[in-house]
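Take a look at the structure below.
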Amino acid sequence: MPEVIPSGVRRTAFALTASLALLTTACTGQSGAGATDDASKDTTINFWHAWSAPSEVKAVDSLVAGFEKAHPNIHVHVVGDMTDDKINQALRSGGDRAPDVISSFTTNNVGKFCSSGALVDLNPFFEKSHIDPATTFPKPMNEYTQYDGDRCAAPLLGDAYGLYYNKTAFAKAGIAHAPKTWSEFEADAKKLTVRRGDGYAQLGFMPDYHGWESTTEHYFGQFSPTYFDKRGKSAVAEDPAFEKGFTLQKRLVDELGGFRRLERFRATLGDEWGPRHPFHTGQVAMQLDGEWRLGMALDAKPKFEIGVAPLPVPDDQEGQHGKGYITGTIAGIAATSHKQNAAWELVKYMTTDTDAVVGFANGIHNVPSTLAALKSPKLKYDPRFKTFLDIAADPLSTTTPPSVNGGQYLVTIQQLGYDYESGKVTDLKAGLKKTAAQIDTDIAQAK
Amino acid sequence: MSTVTLASRRRRAALRTLAFMSPWLVGFAVFFAYPLLSTVYFSFMHYDGFAAPTWSGGQNWGYVFEHYPLFWPALRNTLWLVLVTVTLRVVFGLGVGLLITKVRTGTGVFRTLFYLPYLAPPVAATMAFAFLLNPGTGPVDSLLEKAGLPAPGWFSDPAWSKPALTLLALWGIGDLMVVFMAALLDVPREQYEAAELDGASRWQRFRYVTLPAISPIVMFAVVTGVIQAMQCYTQPLVAGKVASGVIQGAGVQFEPGYPDRSTLTLPQLVYNLGFQRFDYGSACVVALVLFVLSMAFTALLMRRRGGLIQAGD
């Protein structure tokens, strides 16, 4: 055995590692495929979606079957139950088994998908098909599917957020109607709260930001906030909507028992997607939630009557009652797809064909994502569901704007919410300034 | 002529050496050198995984160290896990190993009882622990309350979340117990007999006979423990998600570390930055920090091994 590595071996090892290092520079980057395929020829495309419940999968299959009937030459290979992380990986890698069309449950990634070029710009496709997105989709949905002029997604059903309330508990507490302003809401939440020992026999409302859908963006939708100014800088510290929203939420936390007591109670509650959801069981009397909750709550056969209303608005904006926060599922075409024209046929059918959109909305129990579908007589729904259709169609309803780094700015704002509600941050103005600076830094890093 | 022969002999020897080393060289290049060099390369690039990377100089380094709010809490948590959890795991594993070697009847039952938890998949084990330690409905806090003791918030309280993770790590001590048990049973009996004849107490027998004899195994346990702690990803992530009430559905955006960033670890940041935020450059910086820390800990332990491993071990 030689005591030292022979020089030849050392030289070979160095050459090998150096060449591998150089190889790393050559293996990066991808080029998007052009839309050169002939959509009238026989072809098969891959469609990845995130739905997983049997009834939802059935609705997707029915939607795709309708498409295949209308386009007999295009076959769709459907892959369900895909998380955003898996979709992100597949969009990077490409290949025959990668998706040509994807749908994602979050609009937060649209900015990332557009700016990175992961999904193709659909504007030329819309133009080619003579479809005007501005007159096809509701305003918020039209906004959250594009970033910086690049429309890399189309809305595929929407979600509208409103207020669910326990009508039986309301009657018992002597409350005549659902609250329209936050002041009324606050008073009702206190009246509906029945304490038992260290916990609650009934909590009026779970204000904690970890209370499932009680995220900052869902609350703040009622304050119509401006997230970014004209220069693209965070407006969190400038727009008073944020301070008002945080102050209201913190006051609710304090008035309803304090952060520790509420968190302890929250730990005893069933999960968001199970039948033991605290609204179903009557443990929480009011719930901020999306339109899907109605079907889930009815399925749980609660021992009370369910009421539905738009979320309250600030006292000085009572005339705007009826608006809400809008988000939804999006569909797009992978930049790595070699069948983009065929893929567009599927996206166009799923997102703009009124009957297809209505049929899918009926199957999934989501809000339709086109203005025509929202008014379609074929739409079947519980009368209470109409509240969400109205919220979706309300011109004052808002959404959160796409950003180059996706929903990171929302995560940063949410973090301030956690720190403020728990008492870790006491100076809200300073917290908002720090949050705005962090958002700007994160965006600069992503560009 | 003789010079040429000598040169060709040397070349043949070098080639032969290279041929024998080639399996290792290929493995080293593919699984170590390439990923490491790539990581260094990308740490200086702006790369989102889609467009071609562009040079960004030290921007990613500056971002991670100065502006990424999760980095320092994650580093502190990771170091805490390395120092506290590894120490306790080694002490507890050795203690259980010692106890079981002393048990005369039902040894098999005890071995099985202590080894079984190790076989539980990390996600299932963490969810079971989150259920047991739930401050509202968990049996552990109910028992503590009945006994008149304070019931901690465990995974819901930033002050208790890391101790809760440590409890989870101690519960799955089975692997260390088996290794220590084998080492303890290997200590020559005559050394204990000689020590007893010399009047050594129980502690002195442990200190001067047992410990030197099993010191290589202790060293092994510490080094592998440090590596495990550095790679800790699944348990804190699952515990944080379960305690926060966030069910990771499609479209749900969850920042790891609940509660109050107390369960954040460096590997979580690599995933968060690289695969969720599309910021490969910054993810590579964190990965390199993790690499350097692992190397530093290992080097430190190897330098100190003289105190643990006796000559001839």
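Key figures for this structure:
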| quantity | calculated |
| --- | --- |
| Helices (runs of 4 or more DSSP H) contained entirely in segment B:146-227, each with at least 2 residues that are polar (S, T, N, Q) | B:161-171 |
| Residues satisfying the stated conditions in segment A:274-308, i.e. outside any strand (DSSP E or B) and touching a Ser or Thr at 6+ places or on another chain (Cβ under 7 Å) | A:304, A:305 |
| Where a residue in segment A:93-112 is facing another protein chain (nearest Cβ under 10 Å) and more than 16 Å from residue B:279 (Cα to Cα) and its partner, wherever it lies, is assigned to a strand (DSSP E or B) and open to solvent by 10 Å² or more (accessible area, probe 1.4 Å), with Cβ under 6 Å and at least six apart | A:107/A:327 |
| Residue B:164 vs. criteria touching a residue at least 12 places away in the same chain (Cβ under 8 Å) and more than 14 Å from chain A (Cβ to nearest Cβ) | no |
| Test result for residue A:188, more than 26 Å from the chain's Cα centre (by Cα) and at pLDDT 95 or above | yes |
| Hits in segment A:348-372 (condition: touching a strand residue (DSSP E or B) at 6+ places or on another chain (Cβ under 9 Å) and either open to solvent by less than 10 Å² (accessible area, probe 1.4 Å) or of a type in the set (S, T, N, Q) (or both)) | A:350, A:351, A:352, A:357, A:360, A:361, A:366, A:367, A:368, A:369, A:370 |
| Qualifying residues in segment A:414-438 (those that are over 18 Å from residue A:259 (Cα atoms) and within 11 Å of another protein chain (Cβ to nearest Cβ)) - the one surrounded by the most Cβ atoms within 10 Å (Cβ to Cβ) | A:435 |
| Qualifying residue in segment A:179-200 (condition: closer than 30 Å to residue A:440 by Cβ and touching a Gly at 6+ places or on another chain (Cβ under 7 Å)) | no |
| Considering residues of segment B:1-33 that are open to solvent by 80 Å² or more (accessible area, probe 1.4 Å) and closer than 30 Å to residue B:62 by Cα only, the residue nearest to the other protein chains (Cβ to nearest Cβ) | B:32 |
| Subset of segment A:315-344 (residues that are in contact with a strand residue (DSSP E or B) (Cβ under 7 Å, 6 or more places away or on another chain), of a type outside the set (Gly, Ala, Ser) and either open to solvent by 10 Å² or more (accessible area, probe 1.4 Å) or not in a strand (DSSP E or B) (or both)) | A:315, A:318, A:320, A:321, A:327, A:339, A:340, A:344 |
| Selected residue (only one of A:150, A:159, A:132 is within 14 Å of another protein chain (Cβ to nearest Cβ) and open to solvent by 30 Å² or more (accessible area, probe 1.4 Å)) | A:150 |
| All helices (runs of 4 or more DSSP H) inside segment B:51-120 with 2 or more residues being more than 21 Å from residue B:220 (Cβ to Cβ) and open to solvent by 50 Å² or more (accessible area, probe 1.4 Å) | B:59-62, B:71-80, B:107-119 |
| Odd one out for residue A:402 among (1) more than 23 Å from residue A:105 (Cα to Cα); (2) outside any helix (DSSP H, G or I) | (1) |
| Failed item in (1) under 24 Å from residue A:177 (Cβ atoms); (2) open to solvent by 10 Å² or more (accessible area, probe 1.4 Å); (3) in contact (Cβ under 8 Å) with a residue 40 or more places away in the chain; (4) part of a loop (DSSP other than H, G, I, E, B), with residue A:311 passing the rest | (2) |
| Test: residue in segment B:256-269 that is under 27 Å from residue A:268 (Cβ atoms) and assigned to a helix (DSSP H, G or I) | no |
| Top-ranked residue of segment A:375-396 - restricted to ones that are modelled with pLDDT of 90 or more and of a type in the set (Phe, Trp, Tyr), ranked as nearest to residue A:289 (Cα to Cα) | A:388 |
| Of all residues making up segment A:45-63, the number that are surrounded by 13 or more Cβ atoms within 10 Å (Cβ to Cβ), touching a residue at least 60 places away in the same chain (Cβ under 8 Å) and away from chain B (no Cβ under 14 Å) | 6 |
| Answer residue from segment A:113-128, given it is open to solvent by 30 Å² or more (accessible area, probe 1.4 Å) and part of a loop (DSSP other than H, G, I, E, B) and is farthest from the other protein chains (Cβ to nearest Cβ) among those | A:121 |
| Pairs with Cβ under 7 Å, 6+ apart, first in segment A:157-175 and at positive phi, second of a type outside the set (Asp, Glu) and open to solvent by 10 Å² or more (accessible area, probe 1.4 Å) | A:157/A:364; A:157/A:366 |
| Residue A:238 over 20 Å from residue A:201 (Cα atoms), away from chain B (no Cβ under 14 Å) and outside any helix (DSSP H, G or I) | yes |
| Subset of segment A:187-212 that is open to solvent by 20 Å² or more (accessible area, probe 1.4 Å), of a type outside the set (Gly, Ala, Ser) and within 14 Å of another protein chain (Cβ to nearest Cβ) - its residue that is farthest from residue A:310 (Cα to Cα) | A:198 |
| Residue satisfying all of: in segment A:21-68; in contact with a helix residue (DSSP H, G or I) (Cβ under 6 Å, 6 or more places away or on another chain) and of a type in the set (A, V, I, L, M); modelled with the lowest pLDDT among these | A:21 |
| Single residue of B:29, B:52 found to be under 30 Å from residue A:437 (Cα atoms) and among the small types (Gly, Ala, Ser) | B:52 |
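The values are calculated or read from the model by the stated rules, or taken from the named source; none is laboratory data. Nothing here was measured: the structure is a model prediction, and the numbers come from that model. As a convention, Cβ positions derive from the backbone with ideal geometry for all residues, glycine included, and neighbour counts pool all protein chains shown. Just so you know, the surface numbers come from the protein's heavy atoms only, side chains and all, with ligands and any DNA or RNA stripped out. Shrake-Rupley method; radii C 1.70, N 1.55, O 1.52, S 1.80 Å.
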